[in-house]
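Student: Sharing a structure, written as structure tokens. Questions coming.
The values are calculated or read from the model by the stated rules, or taken from the named source; none is laboratory data. As the structure is a computational prediction, the values presented were derived from the model and not from experiment. Here the Cβ positions follow ideal geometry from the backbone for every residue, glycine too, while neighbour counts run over all protein chains shown. The accessibility values were calculated without ligands, DNA or RNA, using every heavy atom of the protein model including side chains. Shrake-Rupley method; radii C 1.70, N 1.55, O 1.52, S 1.80 Å.
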Amino acid sequence: MDAQGRRLIGDAARNENHLSFGLPVRAPADGVVVETESGQTDDGKFDPAAFRNCPNLMLGNHVVLRRGDGTFSIFGHLKQGSVTVKAGDRVTAGQTVAAVGNSGTSMFPHLHYQLMDGPTMSAEGVPSAFTGLTRLRGEARAPLPGGAIDSGDVVESR
């Protein structure tokens with residue numbers, strides 16, 4: 001968001017007008033990359049038949065990270081061509097792995113993040129918490145209490 005609390009400037013149909021489009025996506029923990037996709041277009045269009053055999057394609061371009069505690073982080077709707085890691089790579093917390101995009105089942109540029117007990121979208125979600133984030137509500141900025149993000153929250157790293 002900008003200083004006026006806007007998420008986009010201009011025509012909402014243009015990805016580049018969304019202030020989040022292209023921002024870096026960073027790993028929340030150390031881990032090993034187990035799956036990536038980076039070739040999907042940033043148009044929010046998708047073919048449901050495409051993810052019958054690969055449920056993660058629902059998120060378009062994505063990175064799946066196996067964390068040290070055995071859980072899996074998935075980052076979805078990533079920008080086409082932005083994934084900087086490949087399966088088997090070790091990553092460290094804070095390392096850039098991709099950029100925010102509008103691929104897969106997406107209506108506008110944003111990051112879908114999910115912590116799961118397995119590597120696919122058919123796995124069970126598990127609670128996640130973050131440190132060092134600020135929640136943005138209009139022009140107001142406040143530290144994220146308890147580290148829990150709700151669907152629709154706009155946050156930035158401090």
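Student: Can you give me the solvent accessible area of Thr36 with a 1.4 Å probe, rounded to the nearest 10 Å²?
Tutor: The accessible area of Thr36 comes to roughly 50 Å².
Student: A further question follows. Using a Gaussian network model on the chain with a 10 Å cutoff between Cα atoms, which of Gly147, Gly44, Gly101 fluctuates the most?
Tutor: Gly147
Student: Oh, and also: Magnitude of the Cβ-charge dipole of the chain, K/R +1 and D/E -1, about the Cα centre, nearest 20 debye?
Tutor: Once rounded to the nearest 20, the dipole reads 240 debye.
Student: Which percent of the accessible heavy-atom area of the chain goes to carbon and sulfur, probe 1.4 angstrom?
Tutor: Answer for the chain is 51 percent, counting heavy atoms of protein chains only.
Student: Let me check I've understood the local charge: for Val32, count other residues with C-beta under 15 angstrom from its C-beta, Lys and Arg +1, Asp and Glu -1. What total comes out?
Tutor: The answer is 0.
Student: Here's something else I'd like to know. How far apart, in nm, are two points set 7 Å out from the Cα along the Cα-to-Cβ line at Val155 and at Ala129?
Tutor: 1.2
Student: Once you list every other residue whose beta carbon is under 13 Å from the beta carbon of Gly118, what net charge do they have if Lys and Arg are +1 and Asp and Glu are -1?
Tutor: In short, -1.
Student: Here is a further query. Which value in Å is the Kirkwood Rh of the chain over different Cα pairs?
Tutor: 16.0
Student: Among Leu115, Gly76, Leu136, flag the residue with its Cα farthest along the positive direction of the charge dipole of segment 51-154, charges on Cβ as +1 for Lys/Arg and -1 for Asp/Glu.
Tutor: Farthest towards the positive end: Gly76.
Student: With the crude spin-label approximation of a point 7 Å out along Cα→Cβ, what separation in nm comes out for Asp69 versus Asp117?
Tutor: Once both label points are built, they end up 1.4 nm from each other.
Student: Taking a probe of 1.4 Å, how large is the accessible area per residue of the chain, in Å²?
Tutor: 54
Student: Taking 0.36 nm per residue of sequence separation and subtracting the Cα-Cα distance, how much length would be gained by fully extending the chain between Arg141 and Glu16, in nm to one decimal?
Tutor: The Arg141-Glu16 span can extend by a further 42.6 nm.
Student: How much length would be gained if the chain were fully extended between Ala50 and Asp89, taking 0.36 nm per residue of separation minus their Cα-Cα distance, in nm to one decimal?
Tutor: This chain segment gains 11.5 nm when fully extended.
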